[in-house]
Amino acid sequence: AEDTDDNGGNGVDDQTLDITGIDIAEKTNLQFQALFGGQSRSAGSSNYDSTDYIKVQAQIDGGGYSDVIWFSFLDPGGSDNDNEPFGVDRDFDGAADSADDLLGTALQSYTASISGTGSTLDLRIQVHMDIGNEEIAFDNIQILGAVSDDEAITLSSAASTVDEGSTLAVTLSVPTNVDIDT
């Protein structure tokens, strides 16, 4: 994307990509991962401004959007709001965190945690680039998560072997509420 309010588009600076209804049932430790890139000009020759950003947000089960990861301009001098490099902004304050983590022309992988668990995840990626030469790109969007290793039902016995035709006492454990006959 570049110049998101361009006359060839809808004339609106802020553009939003919504990816909704992602099944996260029974997943924990959710992670957002994607590739991000931008122009690779040095401070003073880049074109990103204080108003430019990429914001990734997520909501679980319609509970409202929370910030996941942002990308913003880097203001090394603290007073120049124009023509600066662009980088990761994990504290969501509208300025890149460090000159050591800037976007370049080669796509780089970024990962950030998504808090919470539930059934459905919605992602929102918002972009604001209001002039030419403010190039950004993202690709290979993934949601990663762990699946619980707990078995819903277990069958155990103190004996490790049993003779055919004999009787053996066993324990059936159902640690979760089972909605249907098993």
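The values are calculated or read from the model by the stated rules, or taken from the named source; none is laboratory data. These numbers were taken from a predicted model, which means no experiment stands behind them. Positions of Cβ are backbone-derived with ideal geometry, glycine not excepted, and every protein chain shown enters the neighbour counts. Side chains included, ligands, DNA and RNA excluded: accessible areas come from the protein's heavy atoms. Shrake-Rupley method; radii C 1.70, N 1.55, O 1.52, S 1.80 Å.
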| query | So how do 158-164, 117-123, 46-52, 15-21 stack up, highest first, on mean other-Cβ count within 10 Å? | reply | 46-52, 117-123, 15-21, 158-164
| note | the chain, convex hull of Cα, quarter of hull surface, nm² -> 16.4 nm²
| field | Ranked order, 89, 67 - accessible area, probe 1.4 Å, largest first | value | 67, 89
| To the nearest 0.05, how large is the calculated FRET efficiency for residue 130 and residue 17 if R₀ is 22 Å and r is the Cβ-Cβ distance? | 0.80
| query | Once both labels are modelled 7 Å past Cα along the beta-carbon direction, what's the residue 67-residue 167 spacing in nm? | reply | 6.7 nm
| field | Mean accessible surface per residue for the chain, computed with a 1.4 Å probe while every protein chain stays in place, in Å² | value | 57 Å²
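Using a 1.4 Å probe over the heavy atoms of the protein chains, calculate the carbon and sulfur portion of the accessible area of the chain as a whole percent.
Of all accessible area on the chain, carbon and sulfur atoms account for 44 percent.
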| Contour minus end-to-end for residue 146 and residue 109, with contour as 0.36 nm per residue of separation and end-to-end as the Cα-Cα distance? | 11.4 nm
